[in-house]
Every structure is written in C-alpha cells, then in structure tokens.
1. With the Cα gyration tensor of segment 157-210 giving a ≥ b ≥ c as the square roots of its eigenvalues, does the rule (a/c under 1.5 for rounded; else a/b larger than b/c for prolate; else oblate) give rounded, prolate or oblate?
2. Per residue, how many Å² of accessible area does segment 91-206 show with a 1.4 Å probe?
3. Beyond a 25 Å Cα-Cα separation, which of these cross-linked pairs lie in this structure: LYS86/LYS222; LYS116/LYS149; LYS43/LYS230; LYS207/LYS251?
4. Given a cut-off of 19 Å, what percent of all Cα-Cα pairs of segment 92-177 lie beyond it?
5. Roughly how far apart, in whole Å, are the Cα centres of segment 168-207 and segment 209-268?
6. Which semi-axes, in whole Å and largest first, does the equivalent ellipsoid of segment 202-270 have when worked out from the alpha carbon gyration tensor as the square roots of 5 times its eigenvalues?
Amino acid sequence: MKRVSTEEIDSDRKVKKLKIEANTDLDEKDSEENSNSKTDVVKAKQREDCPYLDTVDRHLLDFDFEKVCSVSLSATNVYACLVCGKYFQGRGRNSHAYLHSLHQNHHVFVNLQSEKVYCLPDGYEVIDASLSDIMRVLNPRFTASMISKLDIPPALTSRTLDGKEYIPGVIGLNNLKYNDFINAVIQSLAHTSTLRDFFLLPSNYGKCKSELVQRFGLLIRKIWNPHNFKSQVSPHELMQEIAIRSLKKFKIGSRGDPMEFLSWFLNTLHSDLRGSKKSNASVIHQCFRGVARVFTTKDGGNYDLHTLFRKIVTQ
C-alpha cells in the first residue's frame, strides 16, 4: 500500500481550498466555505422589495456581445451588471461580480443563462415584474400565434427606449468592420419565411449543441423582436462563432464574397442540424436548393457588368 505523507495531504487540502474559493456559484445556488473547507450550498432567498431597482440603467444594457466576464474572460456563469452593463463572473464571495458590487456600489445583476436577477452583495434573488422588459431583450421569445401574424399587413411598429419607431424585422445590423457582406446574407436569411419561423422557436433546435445554430437563432429572434431597446442589433456573437467555425476564413476585419459565405454558412447549418442528402432532411434543405443569381454592379449602380450563377450545394 502506498503511503501518503502529511505534507502531501496538506498540499492537497490547500489545492481543494483554493478551488472552493475560486468556485463561482451556478445559477440559483450560492456557495460559502466553512471551517472544514467543505462547501455548503444554500438556495438564494427571494425578495420583492429590492431598494436598488431605481439604479438600473436600461440605456447602458447591451446583450449583443459575447457573454464573457470582462475581467477573467471566462464564459462560465456570467452575470450582467444592470447598472453599468458590464459582464462579470459569479456572484459568490470573492467573485468578480461580488467585488464589483462592493467597489462600484452597483447592486443589481442578471444571470445571462438563467435570466434570474440578484442583489449583491446581499445575495438574494430579486422578484419584480418591472424587469420583464429586460428579459425580453436578453432572450426574445415568440409563440406560434405571434409568428403566424408576422407577414400579415400592415406591419406593426414598435418603439425603442428613446421613443424612436421601428418595424420588427426591418432593423439594422451593426457593421463590425468589413462584415457588411455577412450582414447582407443574414438580413436575406432573416426574411426567408420558412427559415425565419423555424429559428424564432428555440424548441425546434433546442437539442442541437451547435453554438453556430444557437447564436444564429438568437440573432434572428433579436432582429424580429418587438421589444428592442434600440433600432439596431449587433451580430458580434454570431461573428465570433463564424470566425471559429470557418477557421478565420470569414472574420471581423476581413472582406469576403457573400456568395461564398452563403454557401459555407448554409452547408454548415445543414450539417449541424444533422441534415443529410435526403429530401427535407433539415430546414436548410427545405428552403435552399438549386442555383443563386448574383448581380454585380459598378460604382454607378448599372447592372451591366456580369451575371453569375453559382451552385449552393447542400450536403
């Protein structure tokens, strides 16, 4: 039998203790360390009378960017400060969100995954209906009834926080530096009714583990969201995933061919949705087969340069 020295045991305990201290709580659980270096998991209390709700600044909230901690750059258990809009990891003691609440006197945070709101450093969950508009921007939701009315005229208008009118579905996508060719493709896909209706309901692809599918679906829901705070959205999260999946062939800061991107994007979505060559194997196969006609224009806007035909192959 192998003998373990006291020094090794003490060293192992220190490592475990550090892990516990660094561990940030998950969703609705809060962790505290006791004298024996064990973890007591306590469910957060709920309150309806949070005194800090008037500090929430909706004009500073932007949920279009990649959900990573602004300090650790970790994507695990990230909270958004509803006072300044910055992202921080965890809400347990010594976590970045907890320390931010102490140093900046910002107390209201939302978990970007569970959508639960907490008051820090007190640690209780905030229950208040006035925060529902923030949840509709963080994660837009649609019903089958709402989707069935999208193409029925006249188009309904909505208003931003500043009172500016906009038509859901007819909003701008931020140009993140030379990604306009991707924006043009995304806008076209967002107005392809069958594809749009599929991605407006996350239940259609909820079991799909592809981050590309999930982020594209979220962007489509934001484009058609009637509760947006602004009249434009940013494709930043989707662009980050596109760069990773395409091995940086399509990335922020690089120009590209929209047809080449369209072909790659549709094939990748089709594959991630476990599509095959069988008829109607995926929503991509249902919508896109055949050839695409491309018009290339001169600076003057005359459609006289040439007409191209390129196959979009769905594998």
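The values are calculated or read from the model by the stated rules, or taken from the named source; none is laboratory data. Since we're looking at a predicted model, the values are computed, not measured. To get the accessible areas, we keep the full protein, side chains included, count just its heavy atoms, and leave off ligands, DNA and RNA. Shrake-Rupley method; radii C 1.70, N 1.55, O 1.52, S 1.80 Å.
1. Numbers: a/c = 1.99, a/b = 1.29, b/c = 1.55.
Oblate, because a/c is 1.5 or more while a/b does not exceed b/c.
2. It amounts to 49 Å² per residue over segment 91-206.
3. LYS116/LYS149; LYS43/LYS230; LYS207/LYS251
4. It works out to 59 percent of all Cα pairs.
5. Segment 168-207 and segment 209-268 have Cα centres spaced 8 Å from each other.
6. After diagonalising the Cα gyration tensor, the semi-axes are 21, 17, 10 Å.
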